[in-house]
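Visitor: This is the structure I want to talk about, given as structure tokens.
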Amino acid sequence: MAGAIIPRKKRKLKSEINVVPYIDVMLVLLVIFMVTAPMLTLAVDVDLPKTNAKSVDSKVDPIIVQIDNDGRYFLKLQDSDREQLSPDALKAKVAVFVSQNRDVPVFVAAPGDADYQRVLSAMVLLQQAGVPKVGLMSQPGNAAK
């Protein structure tokens with residue numbers, strides 16, 4: 001029987017789906033998302049607190065440098081009106097005034113929603129003008145008790 005054909009058994013097809021690999025993939029994805037989700041925070045909105053700070057008692061009227069939302073600088077000297085100045089003119093005028101009156105307080109005032117970089121730039125200008133101490137002005141608010 002050299003040419004006899006041996007009958008093969010036909011396998012019955014399974015109609016079940018093996019879900020174990022899918023579960024493994026889902027668990028790996030879950031771990032990846034749980035680890036990376038906290039790292040996706042790029043910025044945090046901060047509302048600065050308002051307090052009932054004590055007012056500064058001074059015998060001399062202060063120099064006030066005001067910054068508006070457009071980045072313009074205004075200077076209010078002791079007995080003069082508020083005037084708009086360029087950064088270089090502001091630095092020069094404050095330098096002359098502070099050199100004559102060393103003990104005069106200098107404050108920076110800006111709206112609450114002003115760009116923080118503009119406030120820092122004003123403080124750098126005042127530092128370059130020779131102001132030893134700069135204060136920040138705020139509006140009184142309700143303190144948390």
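Visitor: Output the number of residues of segment 77-94 satisfying the condition of being surrounded by fewer than 16 Cβ atoms within 10 Å (Cβ to Cβ) and either in contact (Cβ under 8 Å) with a residue 60 or more places away in the chain or not basic (Lys, Arg) (or both).
Guide: Of the residues in that region, 11 qualify.
Visitor: Further, regarding this structure: Among what's in segment 74-83 and is modelled with pLDDT of 85 or more and within 12 Å of VAL94 (Cα to Cα), pick the residue that is farthest from the chain's Cα centre (by Cα).
Guide: LYS76
Visitor: If you don't mind, there's one more thing I want to ask. Taking segment 104-118 as the search range and keeping residues that are within 18 Å of ALA92 (Cα to Cα) and of a type in the set (A, V, I, L, M, F, W, C), which one is surrounded by the most Cβ atoms within 10 Å (Cβ to Cβ)?
Guide: VAL108
Visitor: Can I ask one more? Looking at segment 122-142, which of the residues that are out of contact with any helix residue (DSSP H, G or I) (no Cβ under 9 Å at 6 or more places or on another chain) and among the small types (Gly, Ala, Ser) is modelled with the highest pLDDT?
Guide: GLY135
The values are calculated or read from the model by the stated rules, or taken from the named source; none is laboratory data. Note that the structure is a prediction, hence the values are computed from the model and not measured. A quick note on method: Cβ atoms are made from the backbone with ideal geometry, for glycine too, and the neighbour counts reach across all protein chains shown.
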